[in-house]
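Heads up, the thing below is written out as structure tokens.
Rule-based calculations on the coordinates, nothing more; no lab input. Computed from a prediction, not measured in an experiment: that's the story for all the values here. Backbone-built Cβ (ideal geometry, glycine too); neighbour counts: all protein chains shown.
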Amino acid sequence: MPHSRQARETRALSRHLWQWTLLALAAVWFTLSAVAYYTGLHEAGEVNDGQLVSAAELLLRMNEAMPVALAPILPGSTARGPDVSGYSPELHVVVWEQGQVTLDTHGLMLALPAPLALGHQTITVSREERETRLRVYTAEITPPQGNTRRVSVMVDVSRLKALARDIAEHMVRPAIVLLPLIALLLGWVIRRGLRPVDQLSAEIAALNVDTGQMLAPNQPFRELVSTVEAINGLVQRLQVQAQRERQFASDVAHELRTPLTALVLQARLVREANEPAQRGAAAEQVEQQALRCGRILSQLLDLARAQNLDRYTLEQVDLCALARNVLSEQAPNAHGLGQELGLEAPATPIRVNGHVTMLTLAVRNLVDNAIRHTPPGTQIEVRIEQNPAGNTRLSVLDDGARAGASMANQPGLGIGLTLVRRIAEWHGIALSTAPPLAPFTTRFALIWTPDKAPTI
């Protein structure tokens with residue numbers, strides 16, 4: 001039920017993109033409306049100021065004196081023609097001749113502040129308990145032989161706002177009409193554009209990760225290429241992890257089969273033996289086999305850790321100090337088995353780049369193998385050296401005979417050497433088993449070369 005509810009609540013990407021695109025389009029539309037309104041208001045003001053100047057110049061050039069008209073135009077009069085529109089605002093005119101009013105078209109003389117400054121200005125007048133904001137242009141002329149004439153031409157500012165709204169509506173109205181069509185077109189375009197994503201989703205759903213199947217690297221779009229590369233990389237990592245798990249399970253089965261079988265046989269012998277000596281020997285063998293199983297499990301856990309080295313950080317590791325610590329840990333075991341441990345290393349530190357925990361684990365396994373698979377009295381030595389070319393070598397040598405068997409056939413050596421080999425491979429270092437010089441008979445060496453060593 002939770003999965004199905006989550007599936008129902010999952011939104012379609014196409015609808016998500018469509019909604020955000022419409023929101024962006026609406027934001028652009030509102031911005032366009034605001035810009036159109038304020039642009040229209042500004043342009044209407046500019047045109048209006050030009051009309052006021054033109055009207056004032058026309059009145060100043062009239063030679064004949066104009067009759068006084070102090071009374072305002074009454075509502076419903078025929079002063080304005082039938083072709084009046086919003087683009088032909090009503091002008092208010094006041095004319096002075098030698099300081100005397102000769103024309104007042106709307107009876108504003110008494111409401112005007114005195115005197116009116118020349119040029120453009122915006123004033124507020126009160127008439128019949130109602131305030132009106134007027135845009136005014138005032139000019140005057142004094143001919144060489146004649147009377148001084150002053151003209152003020154005015155228009156109601158509210159007419160400018162109405163004109164700006166009209167301009168904005170004319171600019172935005174087509175967008176409103178086309179908006180539904182644009183929304184439908186955007187929905188189709190988005191679904192069409194997301195078709196490669198839907199195809200890729202189907203290919204991903206059909207992948208068989210167990211067989212290592214991958215997506216085709218050739219994709220029509222760069223964004224899909226990066227997605228395919230990430231998915232293919234994930235499939236590869238899953239394959240590597242699955243292989244590690246299968247190998248780990250195989251190691252567990254292989255390494256524990258022999259000691260567990262011996263443990264069962266010895267336990268049966270303890271139960272069925274008649275003589276106390278036989279039961280004691282069998283019980284001792286049970287204990288030895290149990291300890292061996294414990295060591296194998298410990299090595300298997302270390303092997304599992306070595307398969308995930310990516311989570312460790314590189315650092316400078318002093319091999320001399322590392323070897324001393326490992327030998328001090330292994331000294332009690334070697335002493336109990338009658339073996340001698342030694343270290344040959346320079347006084348100055350020899351440092352390499354690596355994981356200190358994993359390198360310690362590798363050296364410990366080499367020393368532990370030498371201790372457990374050689375007879376009493378064996379001389380075991382850890383030798384650290386560096387040549388002028390920059391090659392560094394850490395060797396674990398011993399002079400004990402290993403029952404004449406090859407290294408690959410020694411019981412218990414498999415996991416330890418596999419662990420060391422994997423740690424060496426990750427660090428880019430070589431694991432060598434080349435024969436040593438006398439008196440030693442066996443050597444395992446970790447060799448660092450400058451061109452393959454990991455860098456911090």
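Of note:
- Two-site FRET efficiency, Ser88 against Ala206, from Cβ-Cβ distance with R₀ of 45 Å, rounded to 0.05: 0.05
- Cα extents of segment 134-259 along the three principal axes, largest first (Å): 134, 32, 25
- q = 0.17, 0.20, 0.26 Å⁻¹, segment 308-366: log10 I(q)/I(0) [Debye, one scatterer per Cα]: -0.63, -0.80, -1.09
- Between Glu46 and Leu60, the contour length at 0.36 nm per residue exceeds the Cα-Cα span by 2.9 nm.
- Spin-label pair Glu284/Ser158, simplified geometry with 7 Å Cα→Cβ offset, distance in nm: 11.9
- Counted charge near Arg165, where neighbours are those whose Cβ lies closer than 13 Å (Asp, Glu -1; Lys, Arg +1): 0
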